[in-house]
Amino acid sequence: MPVSLQWDNAEQTILRYDYCGRWTWEEYAPVFERASILLRESNWTVHFIVHLKDEVARNHLPAGALVRVVNIFRNAPATAGKTIIVNAGMVYRTVAQTGAAAYPAIGKKYGFADTLEEARLMLAAEPTEDFIR
């Protein structure tokens, strides 16, 4: 399956999406719905890691990504924390920067890391400035 979801830690404060190869919004939808259910069931902040596991995944976003990212951000429940994208190619960075330019609050919620460990450290820290500049 090109998109999967799992808890990244035992405390259940980080959900991790793993992407392999090319994926579609239709493949993403049931995984996103599962994440939404887990988020609604949580009474605490839940952060996200988007792990792009291979070269194809890091450089692929289906059409309409910017609109979807903005809608996800705007409709996120209060328990939704930050999202760190691991191993992002230029397309992910461009979409995030464009979204942050149009909706500055997005810059406080999204960031980039080169490794899973770096992403976990970023989520453990409390940044004082926007992730996306």
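Looking at the stretch 71-106, which of its residues are free of Cβ contacts under 8 Å to residues at least 40 places away in the same chain and of a type in the set (Lys, Arg)?
Answer for the stretch 71-106, where residues must be free of Cβ contacts under 8 Å to residues at least 40 places away in the same chain and of a type in the set (Lys, Arg): 74, 93.
Identify the residue in the stretch 101-118 that is at pLDDT 85 or above and among the aromatic types (Phe, Trp, Tyr) and, among all such residues, is farthest from the chain's Cα centre (by Cα).
Result: 112.
Taking interchain pairs and intrachain pairs at least six residues apart, which have beta carbon atoms under 7 angstrom, with the first residue in the stretch 111-123 and without any contact (Cβ under 8 Å) to a residue 60 or more places away in the chain and on the phi < 0 side of the Ramachandran plot and the second in a helix (DSSP H, G or I) and charged (D, E, K, R)?
What qualifies is 112/93.
The values are calculated or read from the model by the stated rules, or taken from the named source; none is laboratory data. Values in this document were obtained by computation on a predicted structure and should not be read as measured data. Here Cβ is always computed from backbone atoms with ideal geometry, including for glycine, and neighbour counts include all displayed protein chains.
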